[in-house]
Amino acid sequence: MNKYIYFNSRDEFYRIHLSQIVYFMADKNYTVLQLTNSQKLIFTFSLQKMQEYLMEKLQEDARIFARIGKSYIINLNYVYQIDTAKQKLKLFSEATQKEFSLSVSKEALKKLKMLFIPG
C-alpha cells in the first residue's frame, strides 16, 4: 500500500502515509489523530466528518479503517488484542514497537471481533 492522505488547514498541511495512522479519536467537535511515532495531531472537525473524508478520499483503501463505537476510527492493521471483559483494545505497531491501549465498550469490541472471526 503506497497511499497517503492529505490534511490542509489555514496554517498547516500534512501528508500522512496510511501505515502511520493508528487511530482517530473523537474529542467533542475535534478529531485527534494518533500516529505510530506517538505524535498526535488535532483537527477542527468531528469524527463523523473525518469518517466521511476518509471514505471520499481513500475509497477502497478506506477498508483498513473501522469505526469503533462513537469515539474511535481505528486502523485494523494494528489490532493486537481485544479484551471484552476489561473493555480494552490494544493496538500495536511493529515498526515502532509502540502499543496503544483504548477503552472501548463491550458491544463495540464484540462487533470488532466479528470482523476478524465471523460467526
Need one number: nm distance between label points at Lys28 and Glu12, each 7 Å from Cα along Cα→Cβ, rounded to one decimal. 1.8
Quick check on the chain: helices-only [θ] at 222 nm, where DSSP H runs of length 4 and up contribute -39,500 (n - 2.57) each and the sum goes over total residues. Nearest 500, please. -6000 deg cm²/dmol
May I ask which of Lys70/Lys106; Lys28/Lys49; Lys40/Lys90; Lys40/Lys70; Lys88/Lys110; Lys40/Lys110 have a Cα-Cα span longer than 21 Å here? Lys40/Lys110
Please identify, among Tyr14, Tyr80, Tyr53, the residue showing maximal mean-square fluctuation in a Gaussian network model of the chain using a 10 angstrom Cα cutoff. Tyr14
Sequence gap at least 6, Cα distance under 8 Å: using those rules, report the relative contact order of the chain to the nearest whole percent. 17
Treating each Cα of the range 71-116 as an identical point scatterer and ignoring solvent, apply the Debye formula and state log10 I(q)/I(0) at q = 0.24 Å⁻¹. -0.83
Expressed as a whole-number percentage, the relative contact order of the range 7-51 with C-alpha contacts under 8 angstrom and at least six residues apart is 28
Evaluate the chain: find the radius of gyration of its Cα atoms, find its Kirkwood radius, and give the ratio Rg to Rh. 0.95
Net length gained if the chain between Lys113 and Gln81 were fully extended (0.36 nm per residue, minus Cα distance): 10.6 nm
Compute the acute angle (0 to 90°) between the alpha-carbon long axis of helix 47-58 and the principal axis of greatest extent of the alpha-carbon atoms of the chain; round to the nearest 10°. 70
Could you give the angle, 0 to 90 degrees to the nearest 10, between helix 106-116's Cα long axis and the longest principal axis of the Cα atoms of the chain? 80
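None of the figures in this text is laboratory data; all of them are computed from the coordinates on show. Predicted model, so just to flag it, every value in this text is computed and none were measured. Neighbour counts are summed over all protein chains in view; Cβ atoms, including those assigned to glycine, are modelled from backbone coordinates with ideal geometry.
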